[in-house]
1. I need every pair where a residue in the stretch 151-173 that is under 13 Å from Gln18 (Cα atoms) and touching a residue at least 24 places away in the same chain (Cβ under 8 Å) has its Cβ under 9 Å from the Cβ of a residue that is surrounded by 12 or more Cβ atoms within 10 Å (Cβ to Cβ) and β-branched (Val, Ile, Thr), sequence separation at least 6 or different chains.
2. Considering only the stretch 123-150, state which residues are in contact (Cβ under 8 Å) with a residue 24 or more places away in the chain, of a type in the set (Asp, Glu) and under 17 Å from Ala42 (Cβ atoms).
3. Give the stretch 189-235 a look and list any residue that's under 16 Å from Lys7 (Cα atoms), within 11 Å of the ligand (Cβ to nearest atom) and basic (Lys, Arg), or say none.
4. For the stretch 53-107, name all the residues that are more than 26 Å from Asp117 (Cα to Cα) and touching a residue at least 24 places away in the same chain (Cβ under 8 Å).
5. Give the residue, chosen from Ala175, Ala155, that is small (Gly, Ala, Ser) and over 39 Å from the mean Cα position of the chain (by Cα).
6. Within the stretch 130-145, does at least one residue satisfy the condition of being surrounded by 12 or more Cβ atoms within 10 Å (Cβ to Cβ), within 15 Å of the ligand (Cβ to nearest atom), under 40 Å from the mean Cα position of the chain (by Cα) and among the small types (Gly, Ala, Ser)?
Amino acid sequence: MISDTLKKALHYQDWDTQVIHLSQQLDSVPGEIARIRESIAAEEAEIKRQQQEIASCELRRSQAELEIENLETQITRFKTQQITVKKTEEYEAFNEQIRNAEAKVSECEDTVLGILDEIDSKSGKLDADRKTCSERVAYLNGVIGDWEKKALSIASELKTASAALETAKIDVDPALMTSYTRLKSQGKRPPCIVPVRDQCCGGCHMRVSNDTLKKARMGELATCDQCSRILYVED
Ligand SMILES: [Zn+2]
């Protein structure tokens, strides 16, 4: 049978278990929120990376365009100088330089076209990804909001459970409370007060002695021979 003393202790244990459970839930909230914030940061970093890639394309494009401008200035200069020369070989030498510069201009123009294509395709991807990212960030911020609401509700439940625990504590037999507190401080996996079933401890599942079983049956304070948990026999 379960004595009244033990029933009160079991009532206390129920609240204690509830307080532990709620505290663990509440403790896990900041970690959950931090993980979501990391996901948001990763989404945003990816968009920034793509923007930087496009900016670097733009830079290469303006470098190529500047190169074209320089080459064209050079060509104009060659042509001006060419008019002033008298010898055919000098005239031809300028022709050669002009042809080379024009070939380089054409190369640079191809480069610019290639970069423009690249910018086009990267911008298309960026627009699509930016849309997905902002939807995802909005969703994740919503999840953070849900966690914050959940934390408030857990905190309120915890307050109620802690008050109930304090009330239940008043009725617990002091000797039993000492044993219970000692078991908890030893880091025993809860619960500390467990039923005996098939002569086995409900905590460590080891067989208990006949004497211990007898004590538990009588409603006396009995503890497991192996793990020291407080035992009772269910009615
Ligand atoms: Zn045990």
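What follows draws every value from the coordinates through simple rules; no lab data is involved. This is a predicted model, so every value here is computed, not measured. So basically every Cβ, Gly included, is an ideal-geometry build from the backbone, and we count neighbours across all protein chains shown.
1. Ile154/Val29; Leu158/Val19; Ala161/Val19; Ser162/Val19; Ala164/Val19; Leu165/Val19
2. Asp129
3. Scanning the stretch 189-235 gives a single hit, Arg229.
4. Gln74, Ile75
5. Ala175
6. There is no residue in the stretch 130-145 that is surrounded by 12 or more Cβ atoms within 10 Å (Cβ to Cβ), within 15 Å of the ligand (Cβ to nearest atom), under 40 Å from the mean Cα position of the chain (by Cα) and among the small types (Gly, Ala, Ser).
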